[in-house]
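Here is the structure we will look at, set down as structure tokens.
The values are calculated or read from the model by the stated rules, or taken from the named source; none is laboratory data. This structure is a prediction, so every number in the text was calculated from the model and none was measured. No Cβ is skipped: glycine too gets one built from the backbone with ideal geometry, and neighbour counts run over all protein chains shown.
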Amino acid sequence: MFNLLKLKPITIALLLLLLSIPLAMINELVGERHRMSLQVHQDIANSSSRAQQVIGPFLVLDTEQYQQDLNNGQPILKTVNRQYLILPKTLKADSQLQSEIRSRGIYQTRLYHTQNRMSLQFVLEKNLGFEVAPEVAPMAAPGAVKLKSAHLVLALSDVRGLIGMPQFKLNQQELQILPGTGVTALSGVHAKVDIASLLSVPPQQLQLEVTLGLTGTDQLSLLPTADHSSWDLTADWPHPGFFGRFLPQQRNITAEGFSANWQSTLFANNVQPQLQKCVQNDDCDALAEHSFQVSLVEPVDHYLQANRAVKYALMVLVISFAVFYLFELLSKLQIHPMQYLFIGLALAMFYLLLLSLSEVVGFAMAYGIATFCCVSLIGGYTASVLKSISKALACSVGLSCLYALLLMILRAEDLALLAGSLLMFLVLAAIMLSTRHLNWYQLQQDTKTE
């Protein structure tokens with residue numbers, strides 16, 4: 001005779017292995033759609049502007065230095081062209097950020113637009129920091145320095161993101177903005193500075209006011225080039241991600257957006273060696289880690305949530321099959337393996353509905369619709385299988401509670417693993433407590449005599 005306690009668990013285990021195939025296919029589909037979404041995001045960034053890093057403004061001096069050398073034992077005079085940097089003493093930046101959704105088909109990505117104001121003060125040292133005073137037309141002699149040109153550089157990682165024309169005002173006088181930086185490794189804009197004003201009665205102070213509009217995606221960063229740097233940022237996006245070596249000194253995050261303030265000094269962040277290396281050797285990789293950095297984070301996108309939901313699919317199947325198996329044992333009903341298979345396929349279909357609907361109506365509504373469809377289908381089917389509306393209603397309520405708990409786990413973000421572990425423990429405890437008085441040997445004898 002058919003032994004329910006021996007053969008049916010093996011059959012259920014085989015069905016679970018079989019159902020893992022469509023679940024694996026759905027999981028792969030989630031990954032494929034996510035990769036397609038990332039590609040669209042990259043395409044939109046490529047056609048607008050990418051993550052923005054703002055470097056500067058700082059002053060670049062193009063010089064020609066005379067040095068004595070030997071050629072076949074004879075002294076000769078040669079010239080060496082070099083670029084020297086003068087960084088500001090103070091930098092105070094204030095930025096207002098507004099986010100925007102761009103769509104391509106069913107896919108969306110988030111851009112930002114910023115309006116930035118910077119106030120910088122330069123203190124020029126005697127001889128501009130050289131051992132001898134630079135001149136516009138010096139005598140050709142060892143150690144002489146010719147100052148060929150000077151310009152203020154504002155470097156941007158993606159110049160396409162400029163909104164309008166930046167404005168430079170040096171000591172209340174507006175400068176003409178020109179494309180390029182004059183530095184091979186940096187893209188951006190620059191403004192020429194009158195050499196005569198730099199050479200007149202140093203030391204002196206230069207006050208620079210900059211107005212800049214900028215568009216970008218994902219991340220925004222500012223390199224603190226001054227001895228004392230400060231950056232105030234206000235944004236309308238409530239999910240910022242702060243990273244890098246310098247976190248904000250102050251931050252305030254609300255449902256309407258966030259504000260943050262970064263501060264840095266020369267002692268904590270001396271960027272001049274790295275910036276000089278960038279200008280002279282075209283090696284700018286180290287600048288990113290010295291920047292104030294913020295990203296616009298999607299707290300949990302629907303592809304990530306769908307992926308996490310699929311990871312709990314096997315647990316939902318095991319719990320559901322265990323409940324139906326207990327109904328079999330306690331109600332003296334036999335549920336055919338094909339009926340288990342249909343119920344399992346309906347449970348797997350939930351995740352396919354969740355993925356496809358979330359791309360159109362958002363994750364929360366998609367989860368509700370998929371839950372309603374699957375619970376209604378399984379509830380109606382089990383009413384016939386179990387030959388009891390009350391038992392089918394109990395299964396539907398239990399499945400609805402299970403999906404509700406799963407949604408809470410998906411929303412838990414950092415506590416998702418803890419919440420999932422507690423759920424599995426509570427389910428196991430509930431099954432163990434509900435069957436603690438069950439006489440399994442007696443059930444085995446009863447199934448043998450049927």
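Key figures
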{"quantity": "Restricting the range 215-240 to residues that are more than 19 Å from the chain's Cα centre (by Cα) and buried (at least 21 other Cβ atoms within 10 Å of the Cβ), the residue that is nearest to PHE122 (Cα to Cα)", "calculated": "ALA226"}
{"quantity": "Filter result for SER291 (at pLDDT 80 or above and not assigned by TED's automatic domain parsing to the domain that holds LEU18)", "calculated": "yes"}
{"quantity": "Filtered residue count, the range 187-197, keeping only those that are closer than 29 Å to VAL132 by Cα and at pLDDT 75 or above", "calculated": "6"}
{"quantity": "Qualifying residue in the range 31-45 (condition: within 22 Å of ALA155 (Cβ to Cβ), under 17 Å from the mean Cα position of the chain (by Cα) and in a strand (DSSP E or B))", "calculated": "no"}
{"quantity": "Restricting the range 241-257 to residues that are exposed (fewer than 14 other Cβ atoms within 10 Å of the Cβ) and touching an Asp or Glu at 6+ places or on another chain (Cβ under 8 Å), the residue that is farthest from ALA93 (Cα to Cα)", "calculated": "GLU256"}
{"quantity": "Hey, SER358 more than 30 Å from GLN108 (Cα to Cα), part of a helix (DSSP H, G or I) and either small (Gly, Ala, Ser) or not assigned by TED's automatic domain parsing to the domain that holds SER320 (or both) or not", "calculated": "no"}
{"quantity": "The range 36-48 residues that are on the phi < 0 side of the Ramachandran plot, paired with ones that are of a type in the set (Ser, Thr, Tyr) and buried (at least 17 other Cβ atoms within 10 Å of the Cβ) (beta carbon under 6 Å, 6 or more apart)", "calculated": "SER37/TYR107; VAL40/TYR107; HIS41/THR109; ILE44/THR109; ALA45/THR217"}
{"quantity": "Single condition THR382 does not satisfy, out of (1) at pLDDT below 75; (2) touching a helix residue (DSSP H, G or I) at 6+ places or on another chain (Cβ under 8 Å); (3) in a helix (DSSP H, G or I)", "calculated": "(1)"}
{"quantity": "Residue within the range 258-279 that is under 17 Å from the mean Cα position of the chain (by Cα) and buried (at least 18 other Cβ atoms within 10 Å of the Cβ) present", "calculated": "yes"}
{"quantity": "Pair list, Cβ under 8 Å, 6 or more apart: the range 385-398 residue surrounded by fewer than 17 Cβ atoms within 10 Å (Cβ to Cβ), other residue not in a helix (DSSP H, G or I)", "calculated": "LYS387/LEU333"}
{"quantity": "Given (1) at pLDDT below 80; (2) assigned to a helix (DSSP H, G or I), index of the condition GLN334 fails", "calculated": "(2)"}
{"quantity": "Test: SER229 is at pLDDT 90 or above, over 30 Å from VAL40 (Cα atoms) and either assigned by TED's automatic domain parsing to the domain that holds LEU154 or outside any helix (DSSP H, G or I) (or both)", "calculated": "yes"}
{"quantity": "The range 236-266: number of residues that are more than 17 Å from SER291 (Cβ to Cβ) and either assigned to a loop (DSSP other than H, G, I, E, B) or in contact (Cβ under 8 Å) with a residue 40 or more places away in the chain (or both)", "calculated": "6"}
{"quantity": "Only one of LEU314, LEU402 that is in contact (Cβ under 8 Å) with a residue 40 or more places away in the chain, farther than 28 Å from MET36 by Cβ and either part of a helix (DSSP H, G or I) or of a type outside the set (Ser, Thr, Tyr) (or both)", "calculated": "LEU402"}
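Matching residues to (1) touching a Leu at 6+ places or on another chain (Cβ under 9 Å); (2) among the β-branched types (Val, Ile, Thr):
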| site | (1), (2) |
| --- | --- |
| PRO238 | no, no |
| PHE242 | no, no |
| PRO248 | yes, no |
| ILE253 | no, yes |
| GLY257 | yes, no |
| THR265 | no, yes |
| ALA268 | no, no |
| GLN274 | yes, no |
| GLN280 | no, no |
